[in-house]
Structures are given as C-alpha cells and as structure tokens.
Amino acid sequence: MGQLTAKVAIVTGASSGIGYETAKLFAREGAKVLVTARRHAELQALVAEIEECGGEAIALAGDIRDEALARALVELAVGRFGGLDIAFNNAGTLGNSSAVTDISSEDWQALLDTNLTSAFFGAKYQIPAMIARGGGSLIFTSSFVGRTLGFPGMGAYAASKAGLIGLMQVIAVEYGAQGIRANALLPGGSDTPMGRAAANTPEARAFVEGLHALKRLARPEEIAQAALYLASDASSFTTGANLISDGGISINRT
Ligand code: NAP
C-alpha cells in the first residue's frame, strides 16, 4: 500500500522540475493527482507518464495568478475525485534579477502575484474542501532565499518566499483544530530549469554548488521526497514547520 493511497492531491508548478517529480511520486504512492501550470503539452506528458505507471491524474492548464484557476482545481478535485486531501502549492518564478532600488513596481507586483498571491488563492479554496474531508495537508514551496540567506538581486523573490512562511503559519493556527496541517518546504539549489537559469554558466554553477555543504544541487526527486513526507501521515504531528531540505546551504561556511 502506498503512503498516499485513497488521497487526492493538487500539485501546482507541475510542468517541470520539483512539481513534475512530486506529482509522479504522489501518484506512485497512490494519490489521485490534479496537475497545473501554463504549459499544456508538458502537463499532458506528465499525465501520460502517470497513467502508464497505473496512476490517475488530470491536467488543468492555466495561470496561477488567476483566482478562478484555484477555484476550478478544487472543484475538479471534488467533482472528479470526491474531495481534496493534499495541496502542494509549488508554482514559482525567479523573476528579473535587480538590486532593490532598481526593481520596477510592475516586476515587484508580478513576482508577488506569481509566488505569493497564487498560494493565498490556492489555500482559500483548498482549505474548505479539506475541512469537508476532516482535514488535510497544505505545503508551500518557500526557499532558503528569504529565510536563511540574503542573495543579491533577489529582493522580490525573497519577500515572496518569506511571505509564504507567514501565510503558512497563520493557516496552521487558524485551521489546526479542524485537522488542517500547513507546512513550508525550503529546498536548496535544485537541478531544475529554474536552478539552471539561476546558475547558467559553468562558473556560476560551480559557485552555487560550492555554497552547499553537500557540494552539489538537489535532484528534483530528492525534494519530492520531502514533499511526500509533509503530504503523508508520516508527518501527522508536523504543522507550522519549515522543512529545510537544502543540502546544508543554510548552515554551510566552508
Ligand atoms: P521550474 O522547473 O522552473 O518550475 C516552475 C513551475 O512553476 C513550472 O511548472 C511553471 O510552469 C510554474 N509556473 C511559473 N509561473 C507560473 C504561472 N504564472 N502560472 C502557472 N504556473 C507557473 O522550477 P523549480 O525549481 O521546480 O521550482 C519549483 C518551486 O521551487 C518554485 O516555487 C521555486 O521558487 C522553488 N525553489 C526552487 C529552487 C531551485 O534552485 N530550483 C530553490 C528553492 C526553491 P509553466 O511555466 O508551465 O507555467
């Protein structure tokens, strides 16, 4: 029996990287999965991969900044799969890299919309559906950036990722009595399209790898395992927590 047998999960940012691998892992562990991102073809490929392995998944493409998408995903979970137990609110973007005094208000707002407001929209519809089932697990993909490290050029990104932690903590206390758990996942540098874009020369990649105690980036499959822990009953007494799975970048001084 899988760790998520009979569970229903939403995974955002599922067209690549951490979300893609987590959707596959959740499905392998028995969950019925709703996957979303803007790129429809990638989502279709993911659904096909899950179905080939005997799993169940539905794709709904859309922009995570759209509140109607958050509502539609939950309606789909309830309508097609009977309810919602797990939400991995993971979609995110790096945005443009600028020093704080050079960030335009448009860029600031666009990044906050994608990384933070989207998670609020998600939670707003996910929580009532989970309460109707007697509880559930919300997971927000934050980052070491904005928590344990200040990275130049990432003011808006850091603010969005720190904001997710604040939102998560309030959800944990507002709905804990109704069986809702909320946690943040803080990955280190990960070998995904985003991670590769952030370190896009051999020198930059070597520099970022060297920041980690483990001297490498994470494989997205490794971060998916941390998401599985937070999604599953293995973490049944864990709420309001920051799960750092960052290869030691937060504590490394070597
Ligand atoms: P990725 O492969 O670039 O994945 C980002 C995902 O977010 C994609 O599926 C993308 O889908 C989706 N997304 C972005 N903007 C969207 C929008 N407006 N509407 C809908 N979906 C949108 O990067 P990743 O590394 O897996 O990132 C996943 C999460 O981990 C992000 O929140 C990121 O901030 C966080 N994180 C990453 C690292 C790292 O080093 N990679 C480290 C710490 C935290 P579409 O483009 O198809 O829309």
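Derivation of every value follows stated rules applied to the coordinates shown; laboratory data play no part. Being a predicted model, the structure only gives us computed values, none of them experimental. Backbone-built Cβ (ideal geometry, glycine too); neighbour counts: all protein chains shown.
The magnitude of the dipole of region 121-225, with charges of +1 and -1 set on the Cβ of Lys/Arg and Asp/Glu and taken from the Cα centre, is near 100 debye.
Taking every lysine pair in region 8-245 that is 8 or more places apart or spans two chains, those with Cα atoms closer than 24 Å amount to 4. Rounded to the nearest 500, the 222 nm mean residue ellipticity of the chain from helices alone is -14000 deg cm²/dmol, with -39,500 (n - 2.57) taken per DSSP H run of at least 4 residues. Near the amide H of A31, within less than 5 Å, lie the amide hydrogens of L4, all on another chain or at least 5 residues away, with H placed in the peptide plane.
Normalising the Debye intensity of the chain to I(0), with uniform scatterers on Cα atoms only, and taking log10 at q = 0.09, 0.12, 0.13, 0.14 Å⁻¹ returns -0.36, -0.65, -0.76, -0.89. Rounded to whole numbers, the Karplus 3J(HN,Hα) couplings from phi for region 137-154 are 10, 9, 10, 10, 7, 9, 6, 5, 5, x, 10, 10, 9, x, 10, x, x, 10 Hz, using 6.51 cos²θ - 1.76 cosθ + 1.60 with θ = phi - 60°, and x at Gly and Pro. Counting 0.36 nm for each residue step from I251 to Q178 and taking away their Cα separation leaves a gain of 22.7 nm. Debye-formula intensities of region 57-199, expressed as log10 I(q)/I(0) at q = 0.08, 0.16, 0.19 Å⁻¹, are -0.23, -0.86, -1.13 (one equal scatterer per alpha-carbon, no solvent).
Each distinct pair of alpha carbons in region 1-124 adds a 1/r term; the inverse of their mean, the Kirkwood radius, is 14.8 Å.
Seen from a random direction on average, the alpha-carbon convex hull of region 131-230 projects onto 7.3 square nanometres. Distance from the alpha carbon centroid of region 24-57 to that of region 81-159 works out to 22 angstrom. Among 131-137, 245-251, 6-12, 154-160, the peptide with the highest mean count of other Cβ atoms within 10 Å heads the list, and the full ranking is 6-12, 154-160, 245-251, 131-137. Please name whichever of A61, G82, L167 sits farthest to the positive end of the charge dipole of region 8-245, dipole taken about the Cα centre and charges placed at Cβ: Lys and Arg +1, Asp and Glu -1. Farthest along the dipole direction, towards plus: L167.
Overall, region 8-245 carries a charge dipole of about 320 debye about its Cα centre when +1 sits on the Cβ of Lys and Arg and -1 on the Cβ of Asp and Glu, all other atoms neutral.
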